[in-house]
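Following: one structure in structure tokens, then a few remarks.
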Amino acid sequence: MTTQTTDTDAWDARLNRDDLAGDAPADPLSLFGQWFADARSAELIEPTGATLATVGHDAKPSARTVLVKRFDDQGFYFYTNYSSRKGQELSANPHAALLFWWDKLERQVRIEGEVAMLSAGESSRYFASRPRGSQIGAHASPQSEVIASRAVLEQRFAETEAQFGSGEIARPENWGGYRLTPEHIEFWQGRKNRLHDRLLYIRSNKLWRIERLAP
């Protein structure tokens, strides 16, 4: 992985890992919250974007970017069409990995764990908060299926928009949320001479063990 060098010394001064290793919070969600706040302050295009890696029946991995809409002490939350490739793979193998990459900060966070579907009520509450166009798109798009052309997709959107008119749009039954409950969380900070810092949290019996890894 290539890293920028212009701000390395500044970040080294701010996050000296020798100091952080001794002061690292016992809960990685606390550290993630600090890093996530820094990512938002850095005015990145999409700080909530993360690569989601899944594995299906064929044991072959696939990856794509999702938006992690929130996180708490239970895990990380994202939403999608259950019939999509990632939805089908999560049904076959409910374990996945998330990767946040914040280039301006030379930071990444790797998260691995078990994934579970959210309740219908929780998914519906989030769906109701989405922009109306996104709600219509969730109904109109047969996500991951082959379509003949862009015109077909736009026609489906227009028909769906006309169908609902100005009325309330209910959540499609095949659309909703997931929560990834972390078992491993690794924090990676770029440093000069490629001596990057890696701090790994491993969950064990509801507690977290912290290990430092070589770059």
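Among the strands (runs of 3 or more DSSP E) lying completely within region 163-214, list those that include at least 1 residues that are exposed (fewer than 11 other Cβ atoms within 10 Å of the Cβ) and at pLDDT below 95.
197-204, 207-213
Could you tell me how many of the residues in region 44-73 are more than 14 Å from the chain's Cα centre (by Cα) and touching a residue at least 24 places away in the same chain (Cβ under 8 Å)?
Of the residues in region 44-73, 6 are more than 14 Å from the chain's Cα centre (by Cα) and touching a residue at least 24 places away in the same chain (Cβ under 8 Å).
Just the residues that are under 30 Å from His139 (Cα atoms), among the polar types (S, T, N, Q) and open to solvent by less than 60 Å² (accessible area, probe 1.4 Å), please, taken from region 27-83.
Answer for region 27-83, where residues must be under 30 Å from His139 (Cα atoms), among the polar types (S, T, N, Q) and open to solvent by less than 60 Å² (accessible area, probe 1.4 Å): Thr48, Thr51, Thr54, Ser62, Thr80, Asn81, Ser83.
Does region 138-147 contain at least one residue that is assigned to a strand (DSSP E or B) and surrounded by 19 or more Cβ atoms within 10 Å (Cβ to Cβ)?
Looking through region 138-147, none of the residues is assigned to a strand (DSSP E or B) and surrounded by 19 or more Cβ atoms within 10 Å (Cβ to Cβ).
Could you check region 84-102 and list, in sequence order, the residues that are polar (S, T, N, Q) and open to solvent by 40 Å² or more (accessible area, probe 1.4 Å)?
Result: Gln88, Ser91, Asn93.
The values are calculated or read from the model by the stated rules, or taken from the named source; none is laboratory data. Every value quoted in this text rests on a predicted model; they were computed, and no experiment measured them. Cβ coordinates were reconstructed from backbone atoms using ideal geometry, including for glycine residues, and neighbour counts include every protein chain displayed. Protein only, heavy atoms only, side chains kept; ligands, DNA and RNA dropped before computing areas. Shrake-Rupley method; radii C 1.70, N 1.55, O 1.52, S 1.80 Å.
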